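J.: Could you have a look at this structure, given as structure tokens, before my questions?
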Amino acid sequence: MCHAASVTYKYLKSKGIMEYSFSHYLLSKQSVDDRALNQNVLHVLKTNLPAAPIRIIEVGAGIGTMLTRLVRWDVLTKADYVLVDEMAQNIQTAREWIPLWAVESGLGVEKIEHDQLRVFDQTRDIRIHFECADVFDFIQKNKTPADLLIAHAFLDLLPMPESMPSLLALTRHLAWLTVNFDGVTSLEPTVNAALDDQIERLYHATMDTRPTGGDSRAGRHLFSHLQKAGADVLAAGASDWVVHPVNKKYPADEEYFLNFILHFFEESLTGHAGLDGSAFVNWLEKRRAQIERGELVYIAHQMDFLAKV
Ligand SMILES: C[S@@+](CC[C@H](N)C(=O)[O-])C[C@H]1O[C@@H](n2cnc3c(N)ncnc32)[C@H](O)[C@@H]1O
């Protein structure tokens, strides 16, 4: 978490106020994703990457945490990295946050134009292009396909299978498609077994009925979507989020992450005709108290893929 966000969060928390910022959620998600990403799929990605410099397009890239992860993990040395997201706030945060991260990591930063940035040292040189655009508009205007397409925690939000062929047109070689939700959410300990089950079921159903698309079993369905679009799956595996306390404390900023997950539940299900409103409010309170006491364990089943077009 960046320092300013951390100070604001601690202050609001001390006042009993929760501030919900999507950028802060994406920052808090980094350590959870670091643990979750499937290491075998990542290994196969590394062995198949063409020689540097490579061109990467990441769609639904948020504030750019995958780019910084790939630098941290020494996967990227020399690259042109196009970061596409439709939310202006995310792209703005990426423009401000990536240079701060780079300086903290001992990398040089050069602002080339409003929409381009270079982060570098003696062995690494990454040129970043910021694109605030809907992914399908970007697909229409993109002229140069990438060596690697990345979509992280994104494909389960898109209409499938119809989006797959146009997405794959963004790459001439590899697609690394990670953290695709796959139908299991688990919150422990139980509050009320019947209500817990009902909330999980209704929450998943909201993912399947979003007007903009989405699939609560996106992970398992990607095998056939990729195959139908003419891509070969080189590797696949689970990338479950497993968030749990250690000595009643959550690591890094994962307490914020968990509160945001409950916020997603609240936003999706408040006013749902199939759910008793006051029972749901009570359930949320109990779940929040479990986080406060360092008890809640959250698991979400997800899947990673490496495909070759
Ligand atoms: C769950 S977030 C994941 C962000 C990032 N990949 C990460 O994991 O930190 C999904 C992202 O997709 C973006 N998004 C959703 N629909 C989009 C669209 N049609 N075109 C481009 N970006 C989109 C959202 O703005 C959001 O940043």
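J.: What is the one condition in (1) over 12 Å from the mean Cα position of the chain (by Cα); (2) surrounded by fewer than 20 Cβ atoms within 10 Å (Cβ to Cβ); (3) outside any loop (DSSP other than H, G, I, E, B) that Ser31 does not satisfy?
T.: Of (1) over 12 Å from the mean Cα position of the chain (by Cα); (2) surrounded by fewer than 20 Cβ atoms within 10 Å (Cβ to Cβ); (3) outside any loop (DSSP other than H, G, I, E, B), only one is false for Ser31: (1).
J.: Scanning segment 160-174 for residues that are of a type in the set (Ser, Thr, Tyr) and within 13 Å of the ligand (Cβ to nearest atom), which turns out surrounded by the fewest Cβ atoms within 10 Å (Cβ to Cβ)?
T.: Only one residue tops the list, namely Ser166.
J.: So, Leu157, is that one within 15 Å of the ligand (Cβ to nearest atom) and under 25 Å from Pro211 (Cβ atoms) or not?
T.: Criteria met by Leu157.
J.: Quick check: is even one residue across segment 131-138 touching a Pro at 6+ places or on another chain (Cβ under 9 Å) and either surrounded by 12 or more Cβ atoms within 10 Å (Cβ to Cβ) or closer than 24 Å to Ala169 by Cβ (or both)?
T.: So far as segment 131-138 goes, no, none of its residues is touching a Pro at 6+ places or on another chain (Cβ under 9 Å) and either surrounded by 12 or more Cβ atoms within 10 Å (Cβ to Cβ) or closer than 24 Å to Ala169 by Cβ (or both).
J.: Say whether the condition of being over 12 Å from Gly64 (Cα atoms) and touching a Leu at 6+ places or on another chain (Cβ under 7 Å) is met by at least one residue in segment 132-142.
T.: Within segment 132-142, one or more residues are over 12 Å from Gly64 (Cα atoms) and touching a Leu at 6+ places or on another chain (Cβ under 7 Å).
Residue-wise test of (1) touching a residue at least 24 places away in the same chain (Cβ under 8 Å); (2) of a type in the set (D, E, K, R); (3) part of a strand (DSSP E or B); (4) buried (at least 17 other Cβ atoms within 10 Å of the Cβ).
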residue: Ile91; (1), (2), (3), (4): yes, no, no, yes
residue: Arg95; (1), (2), (3), (4): yes, yes, no, yes
residue: Ile112; (1), (2), (3), (4): no, no, yes, no
residue: Ile126; (1), (2), (3), (4): yes, no, yes, yes
residue: Leu148; (1), (2), (3), (4): yes, no, yes, yes
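Rundown of residues vs (1) of a type outside the set (Ser, Thr, Tyr); (2) over 24 Å from Asp33 (Cβ atoms), yes/no style:
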{"site": "Asp147", "(1), (2)": "yes, no"}
{"site": "Leu167", "(1), (2)": "yes, no"}
{"site": "His204", "(1), (2)": "yes, no"}
{"site": "Thr209", "(1), (2)": "no, yes"}
{"site": "Thr212", "(1), (2)": "no, no"}
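J.: Of (1) touching an Asp or Glu at 6+ places or on another chain (Cβ under 6 Å); (2) under 19 Å from Met303 (Cβ atoms), Leu45 satisfies all except one. Which?
T.: (1)
J.: If I filter segment 54-64 for residues that are within 16 Å of the ligand (Cβ to nearest atom), under 28 Å from Pro245 (Cβ atoms) and touching a strand residue (DSSP E or B) at 6+ places or on another chain (Cβ under 7 Å), do I get at least one hit?
T.: Yes - at least one qualifying residue is present in segment 54-64.
J.: Name every residue in segment 142-177 that is over 21 Å from Gly230 (Cα atoms) and either of a type in the set (Ser, Thr, Tyr) or modelled with pLDDT under 95 (or both), in order of residue number.
T.: The answer is none; no residue qualifies.
J.: Given the conditions (1) modelled with pLDDT under 95; (2) crowded, with 17+ Cβ neighbours inside 10 Å, report the number of the one that Asn180 does not fulfil.
T.: Of the numbered conditions (1) modelled with pLDDT under 95; (2) crowded, with 17+ Cβ neighbours inside 10 Å, the odd one out for Asn180 is (1).
The values are calculated or read from the model by the stated rules, or taken from the named source; none is laboratory data. Values in this document were obtained by computation on a predicted structure and should not be read as measured data. Cβ: placed from backbone, ideal geometry, glycine included. Neighbour counts: every protein chain shown.
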